[in-house]
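Chemist: Before we start, here is the structure in question, set down as structure tokens.
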Amino acid sequence: MCQCQCHVFNDVTDFNKYKRGAEMYRQPPTELKSAISTMKVILLFALFAVATKAQTPDGTDCPVNPYADDPNCLAKSVTKLGYLLPAIGKYVCAYNKFQEDGNVKNYNDAAEIFIGVLKCVSCHFDLGDKNLEDLLVSAGGTGVEALATGIEILKKLGIDELKTKLVCALVGKLLQSPCLQEALTKITPDILTDLKDLYCKSKNSGATGVASGLSKLLGRIDCALGEAIGLESDKTLEDALEALSPELLQGLIEHILGLTGKVDLIANLACTLIL
């Protein structure tokens, strides 16, 4: 006698799940093979993601970004994630340099670092039919698509084509200036106090005069910064700082304050509202 095993369905949903499973196994061999291959790819991708956990440039695990789903995630992350601003500066400088010398290797080296940082930041922004890997210049490519992808991302930070040189000068070269770095370690107490006050003022979205204040403060430091960072002859330091978005300007002040080595927890400074 033949013994049959019966499946008891709890409801219609249970039955439909069973039905879909049965239909999959009734698919032609080629379709079934394709479905299995797709599942393998998804599984391998998941395992790869776990095995290659994203890290910050200094090798630490990426912190959770509270702005990940915010439409202005990238701009807001500048003041939340300290490793983002220097990466922006280095990429923008590479973006400009590539248009001058066409050196694919140097550009791609900077772009790869920027891609890693953007993945760590984990902002959910839309690039249309492009992805972060399109920041890289393909073998034999002209770089047109890579630069187009780059400027699309930079625009989310308030950086358009006309501002790239200014951003490179301020966010890239300024923070790397040996003269400024040395001067900040020897900063006088009065300048340090003014710098802290300016930082607190920059955190107030309605505060004005921050760019002018930073320009004057840097003028009190014994460095010829205009020449060191390569500002165009018709641009003053204040003009350049005025061109930065509020987030980039606040992030810049925070990093300058950090270079003094005299403030351990900048983000936790007890800032009072300065009008």
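Each reported figure results from applying straightforward, stated rules to the coordinates on display, with no laboratory input. These figures come from a predicted structure and were not determined experimentally. No Cβ is skipped: glycine too gets one built from the backbone with ideal geometry, and neighbour counts run over all protein chains shown.
Chemist: Mind giving me the nanometre distance, one decimal, between the label points for Asp70 and Asp58, set 7 Å out from Cα along Cα→Cβ?
Modeler: 2.2
Chemist: Once you have the Cα-Cα distance between Thr193 and Glu145, take 0.36 nm times their residue separation minus that, and quote the gain in nm to one decimal. Spell out each step's value before the answer.
Modeler: Working: separation 48, 0.36 × 48 = 17.28 nm, distance 4.59 nm.
This chain segment gains 12.7 nm when fully extended.
Chemist: Go through Lys80/Lys216; Lys216/Lys262; Lys90/Lys235; Lys156/Lys262; Lys119/Lys235 and tell me which ones have a Cα-Cα distance over 28 Å in this structure. Please list the in-between numbers first.
Modeler: On the way: Lys80/Lys216 26 Å; Lys216/Lys262 21 Å; Lys90/Lys235 21 Å; Lys156/Lys262 32 Å; Lys119/Lys235 34 Å.
In this structure, Lys156/Lys262; Lys119/Lys235 exceed 28 Å between Cα atoms.
Chemist: If I take R0 = 30 Å and measure r between the Cβ atoms of Arg220 and His124 in this structure, what FRET efficiency does the formula 1/(1 + (r/R0)^6) give, to the nearest 0.05?
Modeler: On the way: r = 42 Å, r/R0 = 1.40.
Using R0 = 30 Å, I get an efficiency of 0.10.
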